[in-house]
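Read through the structure below, which is laid out as structure tokens, and then see the notes.
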Amino acid sequence: MVTCGIDWKSVLPNCFKGNNVRSEAKVMENSKQMNSDHHRLAFSDISTDSRSVLISLDDLSSNAVIGSNLHVFTYEELKLITSDFSPANFLGKGGFGPVHKGFIDDKIKPGLDAQPVAVKLLDLDGNQGHQEWLTEVVFLGQLRHHHLVKLIGYCWEEEQRLLVYEYMARGNLEDQLFSRYSSCLPWLTRIKIMVGAAKGLAFLHGEEKPVIYRDFKASNILLDSVSCL
């Protein structure tokens, strides 16, 4: 099975998977109504208007807005699982900020399966801010599909904004295709990855409130440990 996840960038950052493509704050006049209806928020629901009432930390932690089961992590927990964001666990950096590998188990979060994760830290001096971070939490908290990279949880603590994703061991498709240190991908594997990515896009486009993914490219397709076999 090929697993790939699409990175949302222009729509949402980082989320698709090859044959498993994975991959902001709303102005809420009445979060209780949203909780009872569980209608998915659309981008038209999101606003940066200072006159609007934005989603609060309490809204997220109670899952009143997104109706999901995202885990809420503390900053200290994420420092622990990444060995204090050690350079040895550094995976890369994008427009959102640096990404580190970590490992979680039920000692950190009871009921959560032991697994490696990718922890993305919002760069406070970067081009994206709280609004973009909150968009990822809200939308990826609502969207679940075999071909979209899974958002496991988040941290919102003082000025810190972090996201915790499932770990995609083979990195992105662009590196697999063009890095001189990577072996050549068989054509059958390439086709499986393309089919998986297409299924992820079809899921997004087929939603009652469609999501148009505007940054579809090889560097935003993430591959799991068996994608390149």
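Bear in mind that the values in this text are calculations on the coordinates, not laboratory data. All of these numbers come straight from a predicted model, not from anything done at the bench. Heads up, the Cβs are rebuilt from the backbone with ideal geometry, glycines too, and the neighbour counts pull from every protein chain shown.
Each residue of the stretch 140-149 in order: what ³J(HN,Hα) in whole Hz does its phi give by Karplus 6.51 cos²θ - 1.76 cosθ + 1.60, θ = phi - 60°, with x for Gly and Pro?
Per-residue couplings from phi come out as 6, x, 9, 8, 10, 7, 4, 9, 10, 4 Hz.
Amide H neighbours of residue 152 under 5 Å, counting only residues 5+ apart in sequence or on other chains, H built in-plane at 1.01 Å?
Under 5 Å from the amide H of residue 152 lie the amide H atoms of 164, 165, 166, each far enough along the sequence or on another chain.
For the stretch 187-203, what does the Karplus curve 6.51 cos²θ - 1.76 cosθ + 1.60, with θ = phi - 60°, yield as ³J(HN,Hα) per residue in whole Hz, taken in order and with x for Gly and Pro?
5, 4, 5, 4, 5, 4, 5, 5, 5, x, 5, 5, 5, x, 5, 4, 4
Assuming R0 = 30 Å, what is the FRET efficiency of residue 90 and residue 202, from their Cβ-Cβ distance, to the nearest 0.05?
0.30
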